Amino acid sequence: QVHLVESGGGVVQAGGSLRLSCAASGRTVSSATMGWFRQAPGKEREFVASVTSSGSIYYVDSVKGRFTISRDNTKSTVFLQMNSLKPEDTAVYYCAATLAYSVGSYFPAEYWGQGTLVTVSS
């Protein structure tokens, strides 16, 4: 079992920055691939970024160069630093984890956080 709790969401103006945190707990956290998904109003949930236990990172094209995913294994926490935010980044952001095979944007999430809302205003 992996339990995930996100935090850090809020309201920011376009061009601003925000850092999301995901606190993970469980014996298997260290070997899990961690990732972030988001779901905008009226749209399907989409993959944003992921980081494997060995440090391999993958981003969806729309956030490359603006978002940075990282993990602190000592604190069992994964972060998503979001810079140069755009209104289209507005969504509920979910932390996710999987112990299954994951590569690139293929992320078969097994565990989900409750979500944290990010609103980017113009």
Review point. When you take every Cα atom in the chain, what is the radius of gyration, and what is Dmax, the widest Cα pair distance, in Å?
Key: 13.3, 42
Point to revise | Theoretical gain in end-to-end length, Lys43 to Thr74 [0.36 nm per residue, Cα-Cα removed] | key: 7.7 nm
Review point. For the chain, what % of the accessible area comes from carbon and sulfur atoms, probe 1.4 Å?
Key: 49
Check your understanding: In nm, to one decimal, how far is the Ser56 label point from the Tyr101 one, both placed 7 Å along Cα→Cβ?
Key -> 1.1
Point to revise | Cα pair distances in the range 32-96, grouped into 5 Å bins until the bin that holds the longest one, percent each | key: 4, 17, 30, 25, 15, 7, 2, 0
Check your understanding: Going 7 Å from the Cα of Asn83 toward and past its Cβ, which residues in the range 12-34 have a backbone nitrogen under 15 Å from where you end up?
Key -> 15-20
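Which net charge results when you count Lys and Arg as +1 and Asp and Glu as -1 among the other residues whose beta-carbon is under 12 Å from that of Gly115?
Values: positive: Arg38, Arg45; negative: Glu6.
With Lys, Arg at +1 and Asp, Glu at -1, the neighbours total +1.
The values are calculated or read from the model by the stated rules, or taken from the named source; none is laboratory data. Keep in mind that this is a model prediction, so the values were computed, not measured. Here Cβ is always computed from backbone atoms with ideal geometry, including for glycine, and neighbour counts include all displayed protein chains. To get the accessible areas, we keep the full protein, side chains included, count just its heavy atoms, and leave off ligands, DNA and RNA. Shrake-Rupley method; radii C 1.70, N 1.55, O 1.52, S 1.80 Å.
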